[in-house]
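Encoded as structure tokens, the structure appears first; notes follow it.
FYI, it's all coordinate maths here, none of it is from the lab. Everything numeric here is computed off the predicted structure, so don't read it as measured data. Note that we place each Cβ from the backbone using ideal geometry, even for glycine, and neighbour counts take in every protein chain shown.
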Amino acid sequence: MDIKNLSIVRQSFANTVFTHKVQEVAAENQERNLFKVKVANIVLVGAVLVLLVLQASNPGNLLFSYLAAGITIAEIIFLIIQLSFSFEQRVVMHKNSALKYMGLRDSYRSLIVDIMNASMTTDILIAKRELLQREYQIISDLAPQTGDKEYDEAQIRLNKRGVIEGEEFTWSDEEIDRFLPENLRLNKNN
């Protein structure tokens, strides 16, 4: 078994698991934002309709006309904001990126099996490792941006220690083992 290459592949595997989780969290956050936007849109449209009915039933009262006009303008601005920020498209982009990372994660897991079984030459192993690293970089280049909020939430979900300040994609063997099935762990007690 090639311990050095196994170590590199395990670290890349853990980075992929983490980045997958960050994209999942981002998709969930965007879905919550999208839900809030849709509720706000329904409320604004409902308010416009109520005010239009009130305006029609009280044609002499200008207050309803002004309120209806103001809320209609707010709804138009809100629709422009929705079109500009493409909330639904962002949800889909994060989900698609998460799925791509999940596929890559599975490829890394298969490579770990091959390394542990010593079923390939070092040259083939290195070629596969480099190919997966290029794929990781391509997916990362195309993935939508995430922020500290998603990063911290992914850390909490994946690491029983919670958020660790200053931690930059370094994983202990114990942490990586938790991401792997028991028969692929270095320490079978994890």
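Some points to look at:
- FRET E, pair Gln11, Glu31, Förster distance 22 Å, beta-carbon r, rounded to 0.05: 0.10
- In summary, the helical segments of the chain meeting the span-like criteria, namely a full DSSP H run, a Cα extent along the axis of 24 angstrom or more and a mean Kyte-Doolittle hydropathy of at least -1.0, are 3-57, 62-85, 87-117, 122-142.
- Think of the chain as a dipole: +1 on every Lys or Arg Cβ, -1 on every Asp or Glu Cβ, centred on the Cα centre; then among Ala127, Thr170, Gly46, Gly46 lies furthest on the positive end.
- Using a cut-off of 25 Å between Cα atoms, the listed pairs Lys36/Lys95; Lys36/Lys149; Lys38/Lys149 include none that exceed that distance.
- If you plug the beta carbon distance of Ile80 and Glu130 into 1/(1 + (r/R0)^6) with R0 = 45 Å, you get a FRET efficiency near 0.45.
- Neighbour-count order for Glu24, Glu130, Glu175, fewest beta carbons within 10 angstrom listed first: Glu130, Glu175, Glu24
- Each Lys and Arg adds +1 at its Cβ and each Asp and Glu adds -1 at its Cβ; summed about the Cα centre, the chain shows a dipole of about 360 debye.
- Over the chain: helical MRE at 222 nm, DSSP H runs n ≥ 4 each giving -39500 (n - 2.57), nearest 500: -28000 deg cm²/dmol
- As a length-normalised measure over Cα pairs under 8 Å and 6 or more apart, the relative contact order of the chain settles at 35 percent.
- For the chain, the longest site-free run once trypsin sites (Lys or Arg not before Pro) in DSSP loop states with at most 15 other Cβ atoms within 10 Å are removed: 1-159
- Added length on full extension, which subtracts the Cα-Cα distance from 0.36 nm per residue, Lys38 to Ala69: 9.1 nm
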